[in-house]
Amino acid sequence: MTQPDLKITTLPNGLRVITDIVPSVESVAVGVWVGVGTRNEDLSVNGVAHMVEHMLFKGTTSRNAREIVEAIENVGGHMNAYTGREVTSYHIHLLKEDLPLAVDVLADMVQHSTMLEEEIEQERGVILQEIGMCNDTPDDIIFDHYFETAYHQQSLGAPILGTTDIIAGMQRDVLIDYVKSLYSPSNLVVCACGNLDHEDFVGRVQDAFTALSEGGNDNKKPASYTGGLEKRAPRKLEQSHVILGFQGVSRVDDDYYAAHVLSSLFGGGMSSRLFQEVREKRGLVYSIYSFHSAYSDAGQFGIYAGTGPDKLTELIPVVCDEVLKLSGNLSKEELERAKAQLRSSTLMARESMISRADQSAKSLLLHGKVLSPEEIIEAINAVNIPILQRLSRKIFSSSPTLAALGPLDTLESFDEVKKRLAG
C-alpha cells in the first residue's frame, strides 16, 4: 500500500533517507539507524556495539562531549540512543526550525568521532557501572541469562552491555574498526518524521554525510536456537525470577504477526490467560507475561514470572499446564481482544514522532521496505484460530530453555519441567 506522506530516497553512495511528513506538528524526530548490533560482534569483543554507541557522544573533531549535548539542548531538543541485537539508533527530537542543526550534529557524531583514549577510559567506567546496575536488577539480568542459554555461545545471545572483563580490556582500535567495518552507507538509514520538506531534508543529508566508511565484513553468523538447556543462578533475593522459553519465528516468517497475537492472548495484558490464571485466580505472582522477540533469522517465545520462593513449587506446574492447554481451547473472544490490543498499539505509536521514525527506519533496515499501518493491521486481522493452534503446537513442541535467578531450592528439576511440557 502507498503511504503518501512517506518518501524514500537512496543517495548515490547507497545511504537511504526516509521522511514521514506530519504537517500538524511543530517538531521533527530525526535519527541515524544502523543495521548492526550485538549479533555483529565477535564474542571476544562482546559489548563493542554498545560501547561505540556511548563513544559517539564523547566528542568529534569539531565538538567535545559537552558541546554535542548543549548544541541540541540549547534549542530545547532531546537526544538519545540505544543498542539492540540487530539495530543501533541515534536520534534527536526538536522543533522543526532546528532540523538543520540535528542533521549536522548526527553527521558529525557518526563520521567524525575521535574516541580519545581519556574519553574511552572515562566511559569504560560508566559502562561498568551500567553493567553493575543491570546485575543488581533481577528482572533485567534474567533476560541476559535466558538469551545466553537459548543461543549458547553465539553473538545473538550475548549480553548487549558486554561483560565486565571484556569491557575492562576493550581497546580503542576495536571500537574504531567496528565503526569502519559496519557504519557504512548500505547499513545506515537516516529518517525524519514530523513537519519537514522531503527534498530539503535529502539535500541536507547528502551534503552532511560525505565521509562514511565503505564498510567491510558484517561478521553476522546465522542464529541457531540451542534449546534443551537451562541456567540457574541461585542468589539471595526476595523473589525468584524464571523465564521458560521456546523457539519462535523470525521477522520475515509468515507467522510473525500471528506470534505476536499469540503472545498478546497468552500473556500480553491483565485479561490474558497467564495473568488471569496465575495472578488473579491463584495469587502466585506479582508479575507474569509472555513475549515474542523476533530477529532476521530467529525468534523467541518466552514466559517471564517473578514470584516468592514459597510459590515456586506451585507456579511451574500451573504455567506448564497453561502451555499445554493453549492450542486446544482458543476462543474467538480472546482472539479478537488480542488483535484489538495489537491494532491499537500500532496506531497509538504513530502519535509519537520518535516511535514513528523508529518503526519506519527499522522496517526498512530489516524488511527492505517500510510497512504501512494498513499492511500491519491487515496482517493482524488475518490471524485466525486455526493459525494460532498450528503455531502454538509448533512453538511449544520445540525444546524448552529455562533461566532462573534467586532462591531456587524449591524449583523442580529441568527434566521434570520438560516432562510436564511433553504432556
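Nothing in this text is a laboratory measurement; each read-out follows from the coordinates by a stated rule. Here the structure is a predicted model, which is why all the values come from computation and not from measurement. For neighbour counting, all protein chains shown are included, and Cβ atoms are generated from backbone atoms with ideal geometry for every residue, glycine included.
Please list, short to long, the whole-number percent of alpha-carbon pairs of the stretch 71-124 in consecutive 10 angstrom bins beginning at zero.
19, 44, 33, 4
What FRET efficiency, computed as 1/(1 + (r/R0)^6) with R0 = 30 Å and r the Cβ-Cβ distance, is obtained for Arg251 and Asn329, rounded to the nearest 0.05? Don't skip to the end; give the middle numbers.
Numbers: r = 29 Å, r/R0 = 0.98.
The computed FRET efficiency comes out at 0.55.
Return P(r) of the stretch 112-154 (all Cα-Cα pairs; 5 Å bins starting at 0; whole %; ordered from short to long distances).
Taking every Cα pair in the stretch 112-154, the percentages come to 5, 19, 16, 16, 16, 12, 13, 3.
Within the chain, what is the longest stretch that has no GluC sites (Glu not before Pro) placed in a DSSP loop and near at most 16 other beta-carbon atoms within 10 Å? Present the calculation step by step, with values, prior to reporting the outcome.
Values: sites that count: Glu26, Glu214, Glu238, Glu351, Glu412.
Excluding the exposed sites themselves, the longest stretch runs over 27-213.
How far is helix 332-349 tilted, in degrees, relative to the longest principal axis of the Cα atoms in the chain, given as a value from 0 to 90 rounded to the nearest 10?
Tilt relative to the chain: about 20 degrees.
What does the helix-only formula give at 222 nm for the chain: each DSSP H stretch with n ≥ 4 adding -39500 (n - 2.57), the total divided by the residues, and the result rounded to the nearest 500 deg cm²/dmol?
Helices in the chain give a 222 nm mean residue ellipticity of -13000 deg cm²/dmol.
Given a Förster radius of 56 Å and the C-beta distance between Thr10 and Ser413 as r, what FRET efficiency does 1/(1 + (r/R0)^6) yield to the nearest 0.05? Each step should come with its number before you reach the end.
Values: r = 55 Å, r/R0 = 0.98.
Between Thr10 and Ser413 the formula returns 0.55.
What does the charge count near Cys191 come to, summing +1 for each Lys or Arg and -1 for each Asp or Glu among other residues with Cβ under 10 Å from its Cβ?
+1
Per 10 Å bin, what is the whole-percent P(r) computed from every C-alpha pair distance within the stretch 1-87?
Percent of pairs per bin, in order: 13, 30, 38, 17, 2.
On average, how much area does the Cα convex hull of the stretch 108-233 cover when viewed from any direction, in nm²? Mind showing how you got there, number by number?
Details: hull surface 43.7 nm².
For the stretch 108-233, the mean projected area of the Cα convex hull comes to 10.9 nm².
So how much slack lies between Ile385 and Ser62, counting 0.36 nm per residue of separation and subtracting their Cα-Cα distance, in nm?
On the way: separation 323, 0.36 × 323 = 116.28 nm, distance 5.80 nm.
Separation in residues times 0.36 nm, less the Cα-Cα distance, equals 110.5 nm.
Which value does Rg/Rh take for the chain over its C-alpha atoms, Rh per Kirkwood? Walk me through the intermediate numbers first.
Numbers: Rg = 22.6 Å, Rh = 22.9 Å.
That ratio equals 0.98.
Going by alpha carbons, how many degrees (0 to 90, nearest 10) lie between the helix axis of 256-267 and the longest principal axis of the chain?
With both axes taken from Cα atoms, the answer is about 50 degrees.
Hey, got the dipole for the chain? About the Cα centre, +1 on K and R Cβ, -1 on D and E Cβ, debye to the nearest 20? Show your work: numbers first, answer last.
Numbers: 39 positive and 58 negative charges, 316 e Å.
That gives the chain a dipole magnitude of about 1520 debye.
Which chymotrypsin sites (Phe, Trp or Tyr not before Pro) from the stretch 232-287 combine a DSSP loop assignment with at most 12 other Cβ atoms within 10 Å?
On the way: sites: Phe246, Tyr256, Tyr257, Phe266, Phe275, Tyr286; in loops: Tyr286.
Answer by residue number: Tyr286.
In whole Å, what are the Cα extents of the stretch 6-208 along the three principal axes, biggest one first?
Sorted from largest, the Cα extents of the stretch 6-208 read 46, 35, 33 Å.
Only Cα pairs within less than 10 Å get springs; with that Gaussian network setup on the chain, which residue of Ala357, Ala349, Ala81 has the largest fluctuation?
In this elastic network of the chain, the residue with the biggest mean-square fluctuation among Ala357, Ala349, Ala81 is Ala349.
Residue farthest toward the positive end of the dipole of the stretch 6-208, with Cβ of Lys/Arg at +1 and Asp/Glu at -1: which of Pro185, Leu101, Thr149?
Pro185
On the principal axes of its Cα set, how long, how wide and how thick is the stretch 230-421? Give whole Å, largest value first.
Projected onto the principal axes, the Cα atoms of the stretch 230-421 cover 49, 33, 28 Å.
What do you get for trypsin sites (Lys or Arg not before Pro) in the stretch 41-149 restricted to DSSP loop and a cutoff of at most 15 other Cβ within 10 Å of the site's Cβ? Show your work: numbers first, answer last.
Numbers: sites: Lys58, Arg63, Arg66, Arg85, Lys96, Arg124; in loops: Lys58, Arg63, Arg85.
Of the trypsin sites (Lys or Arg not before Pro), not one in the loops of the stretch 41-149 has a Cβ with at most 15 other Cβ atoms within 10 Å.
Could you size up the charge dipole of the stretch 6-208 around its Cα centre, putting +1 on the beta carbon of Lys and Arg and -1 on that of Asp and Glu, and report it in debye to the nearest 20? Could you put the intermediate results ahead of the total?
On the way: 12 positive and 31 negative charges, 108 e Å.
So the magnitude is around 520 debye.
Compute the distance in nm between two label points, each set 7 Å from the Cα along the Cα-to-Cβ direction, one at Asp136 and one at Asp165.
Placing both labels 7 Å along Cα→Cβ, they lie 2.4 nm apart.
Could you go through the stretch 417-423 in sequence order and give the Karplus-derived ³J(HN,Hα) for each residue, using 6.51 cos²θ - 1.76 cosθ + 1.60 with θ = phi - 60°, rounded to whole Hz, and x for Gly and Pro?
Each residue's phi maps through the Karplus curve to give 4, 5, 5, 4, 5, 7, x Hz.
Measure nothing but the geometry: give the 0 to 90° angle between the long axis through the Cα atoms of 99-112 and the longest principal axis through the Cα atoms of the chain, rounded to 10°.
Around 80 degrees separate the two axes.
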